[in-house]
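To start, I am sharing the structure in question, which I have written as structure tokens.
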Amino acid sequence: MERNEQIQDVIIIGGGPAGSTAATYLARMGYQVTLLEKDKFPRDHVGESLLPFCYELFEELDVLEDMKKRFARKPGVRFVGRDGGAQGTWCFGRVIKSPSALSFHVFRADFDDMLLRNSAKNGATVLEEMKVRKVTFDTPEANVSVEATDANGEAHTFNGRYLIDASGRDTFLARQNKWKRSIEDLDRVAFSTHWVDVELDDSLKDGLLQIVYLGTEKKGWGWVNPIRHDRLSIGIVLNNDYVKAQRKLLTENGESDWKAALYKKELFASEYLQSLLAKAKTAMPIIVNGNYSYYSEKKYGDNFVMIGDAASFLDPIFASGVYLAMNSARLIAKSVDHMFRGYEGEDKLTIEGAYETINGAYGLMDKFIRLFYDPETIDFAQLGHAFQTFDSKLEFAYALSYYLVAGDFFHNHDEYHQLLDKLRDPQVVAAYKRIYMDNPVFEEEVISCGVDRNVIFAASLSEETTT
Ligand SMILES: Cc1cc2nc3c(=O)[nH]c(=O)nc-3n(C[C@H](O)[C@H](O)[C@H](O)COP(=O)(O)OP(=O)(O)OC[C@H]3O[C@@H](n4cnc5c(N)ncnc54)[C@H](O)[C@@H]3O)c2cc1C
């Protein structure tokens, strides 16, 4: 067993966006930070569509210029009804008047690798292929003692003053301590892969993330994400009860790969996806992500805190996970710094205080997600259209909704809760539906956010011309 004698200020489990962001901020503040990551980066990951509110973090972390060189741009989101008819296009630039309105679609392998290398560049010790096996608090040596094994199976011990668990959906501490709880009614399974040779429609060429309804009985939806000019990431999210029933049915019918069969069956049930994928082929195996929507009953204690998916995971319908993880990491890094400095000064931020804000963000998202799935409220594929038609009367609600879809989860919670309550108020819904019937969406109408397609795909197009 190798014992790392020096006591670290902070030990971080996991090098995804949460862990690497926390590591960079803390290392910049001058702390001794060791980050332990079980995989060798770059490694694949789901979660490729990013929100405009991430932009400021990219600037602060000093990776923005690198992002622009590597990844496709995302000017907005288009919600599409199952039959391709009803649709609502949300261009962030309609309300956000700064460069952040043009967000990003990323290959997570490259994105996570870029953030992890940046942590090391900023002074954190990054150890890959170092899997954490056990955490013990209050040992004779230190507040926190972490046992891990490297790629050769050799054991290592790391001692530290404080632990940040950013182990993602592995939920290291929550599992070790049996704190993990599932979130009611949001039990879903996602199936996804990348596709090439796709017939891109105009909105995909315009860089829009597409969110496609799959019908309420499945409580399902799909994402279509143009991560390059010639490649789409397409995922299907389904209610777990529905998946279990389909698994039984498909297996009984002799289907050897029920996951692939179900994924394709659901994709091709949507007319919109059917026409997109007529000549396309998959570029990698199908990835399955179950165990949806959970939280850890305890998220921090005397010598530890959890951030990102290690603390809580919500249905990714609004592409919120990376921003929630990175901004939580920023807040927690600040509060860890204040804690080490004895909470001196006026602007002290305790871990508890940071967590009030973080819990507020997750609570708001939970409500927003449930609104999306509620068949009794306004359909998101129609809501954008409603705002386009009635924006003079609904200016405030219009702007608030856009900010929420863009990622404004950490502020003004009361106002957002009021907005979401309004959107599910039966009187408002009834009035809206009456008006909508008189002003139906034009079936073929595709709204562009007006960003030059050469700008949207500048990264992959320039790669193509240089190779
Ligand atoms: C189907 C699906 C679609 C999604 N779509 C989006 C989207 O479009 N946009 C978006 O913003 N978010 C999306 N998300 C959410 C997003 O992927 C996550 O919220 C985000 O990756 C969280 O970052 P993290 O750093 O907390 O965890 P992760 O990115 O998972 O990183 C955790 C890291 O910890 C490491 N680790 C785990 N256990 C150990 C251990 N014992 N020892 C050492 N290292 C360990 C892992 O190897 C991993 O690298 C999606 C999620 C799913 C499931």
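All of the numbers you see were taken from the coordinates with simple rules; none came from a lab. Note that the structure is predicted; figures quoted are calculated from it, not measured. Note that each Cβ is placed from the backbone with ideal geometry, even for glycine, and that neighbours are counted across all protein chains shown.
With charges only on Cβ, +1 for K and R and -1 for D and E, what is the dipole size of the chain about its Cα centre, in debye, rounded to 20?
Here the chain has a charge dipole of around 560 debye.
Once Lys and Arg get +1 and Asp and Glu get -1 on their Cβ, which of 55, 12, 333 lies farthest toward the positive end of the dipole of the chain?
Highest projection toward the positive end goes to 12.
Choose one of 204, 456, 93: the residue whose Cα lies farthest towards the positive end of the charge dipole of the chain (beta-carbon charges +1 Lys, Arg; -1 Asp, Glu; about the Cα centre).
Sorting the options by dipole projection puts first 204.
If you don't mind, there's one more thing I want to ask. Give me the one-decimal nm value for the distance between modelled label points at residue 202 and residue 269, 7 Å along each residue's Cα-to-Cβ direction.
3.0
Could you list, in their original order, any pairs among 259/299; 69/218; 38/244; 259/279; 178/244 whose Cα atoms are separated by more than 28 Å?
259/299; 69/218; 38/244
Here's a follow-up. Compute the separation of the alpha-carbon centres of the stretch 4-36 and the stretch 395-415 and state it in Å as a whole number.
Using only Cα atoms, the two centres lie 32 Å from each other.
With a 10 Å radius around each residue's Cβ, average the other Cβ atoms per peptide and rank 359-366, 398-405, 337-344, highest first.
Per-residue mean Cβ counts within 10 Å order the peptides as 398-405, 359-366, 337-344.
Quick check for me: using +1 on Lys/Arg Cβ and -1 on Asp/Glu Cβ, what's the dipole size of the stretch 211-335 about its Cα centre, in debye to the nearest 20?
260
How high is the relative contact order of the stretch 1-100, given as a whole-number percent (alpha carbon pairs under 8 Å, six or more residues apart)?
19
So in the chain, which Cys have no other cysteine's beta-carbon sitting under 4.7 angstrom from theirs?
Here 54 come out as lacking a disulfide-compatible partner, given the Cβ-Cβ threshold of under 4.7 Å.
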